[in-house]
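**Q** This is the structure I have questions about; it appears just below.
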Amino acid sequence: MTKEEKAVVIDNLAAQLNEYPHFYITDIEALNAEQTAALRRKCFESGVKLVVVKNTLLTKALEKVEKADAELVAKLEGPTSIMFAEVAKMPAQLIKEFRKTSDKPVLKAAYVEGCVYVGDSQVEMLSNIKSREELIGDIVALLQSPAKNVISALQANAGQKIAGLVKTLETRNN
């Protein structure tokens, strides 16, 4: 591969690292052609982009987009593939599901929600992580709950309670 070809690959990787907010660095070595095709199909169906890369080129692309965390770069040994995703937990769920029939892919590291997760032991936790939008939805639901309770209580016996409150306030003011 010439320097120009390497520069093109690095630029393409850097563009994908900027385009996708989350990526998982995995090892899919030892998967046969049928298993690899099945993994690629599942990735495509799930909206995950799977790319096999050279470690040195990925390191340079990470440096170019300023995501070259020391722990992340340290995991770039041996065969490496990257799973790019819009939804943070999708690659982890895909890995978990695929492992029901195979012992690969193995998670080396992941960059999710601006944080680096290192090691295959993180797959379970990453598969249950909530997206930013899900967390905001949970918070909004929690904030709405007390207000809904007050409104429904007022609506249940609104006429009697409000009239009683008004009458009590009138007697106190007199």
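The values are calculated or read from the model by the stated rules, or taken from the named source; none is laboratory data. Predicted model only: the values in this text are computed from it and were never measured. Neighbour counts are summed over all protein chains in view; Cβ atoms, including those assigned to glycine, are modelled from backbone coordinates with ideal geometry. These accessible areas exclude ligands, DNA and RNA; they are computed on the full protein's heavy atoms, side chains included. Shrake-Rupley method; radii C 1.70, N 1.55, O 1.52, S 1.80 Å.
**Q** What FRET efficiency, computed as 1/(1 + (r/R0)^6) with R0 = 35 Å and r the Cβ-Cβ distance, is obtained for residue 69 and residue 32, rounded to the nearest 0.05? Intermediate results must be reported in sequence, preceding the final value.
**A** On the way: r = 32 Å, r/R0 = 0.93.
Efficiency computed from Cβ-Cβ geometry: 0.60.
**Q** Could you state the accessible area per residue of region 1-135 in Å², with a 1.4 Å probe and every protein chain left in place?
**A** Working: 7360 Å² over 135 residues.
Result: 54 Å² per residue.
**Q** What nm value, rounded to one decimal, do you get for the distance between residue 128 and residue 41 when each label is placed 7 Å out toward the C-beta?
**A** 3.1 nm
**Q** Just tell me which lysines come within less than 30 Å, Cα to Cα, of residue 104; anything on the same chain fewer than 8 places away is out.
**A** Counting by Cα, and skipping residues close in sequence, residue 104 has these lysines nearby: 6, 42, 49, 54, 60, 64, 67, 75, 89, 96, 130.
**Q** Not counting the cut sites, what is the longest span of the chain without GluC sites (Glu not before Pro) that DSSP labels loop and that have at most 11 other Cβ atoms within 10 Å?
**A** Working: sites that count: 66, 77.
Formally, the longest exposed-site-free interval is 78-174.
**Q** For region 32-149, give the magnitude of the charge dipole about the Cα centre (Cβ charges: +1 Lys/Arg, -1 Asp/Glu; no others), in debye to the nearest 20. Please list the in-between numbers first.
**A** Working: 18 positive and 16 negative charges, 62 e Å.
Dipole magnitude for region 32-149 comes out near 300 debye.
**Q** For residue 77 and residue 54 in the same chain, what is the full-extension length gain: residue separation times 0.36 nm, less their Cα-Cα distance, in nm?
**A** Working: separation 23, 0.36 × 23 = 8.28 nm, distance 0.94 nm.
So the chain would gain 7.3 nm between residue 77 and residue 54.
**Q** Looking at (i) 1.34; (ii) 0.99; (iii) 1.03, which value of Rg/Rh (Cα atoms, Kirkwood Rh) comes from a calculation on the structure shown?
**A** Checking each listed value against the structure points to (i).
**Q** Here's something else I'd like to know. For residue 115 and residue 170 in one chain, what is 0.36 nm times their gap in residues minus the Cα-Cα distance, to one decimal in nm? Could the numbers behind the result be given before it?
**A** Values: separation 55, 0.36 × 55 = 19.80 nm, distance 5.92 nm.
Once the chain is fully extended between residue 115 and residue 170, it gains 13.9 nm.
**Q** Now a separate question. Which aspartates and glutamates, if any, have their Cα less than 16 Å from the Cα of residue 3, not counting same-chain residues under 8 positions apart?
**A** 11
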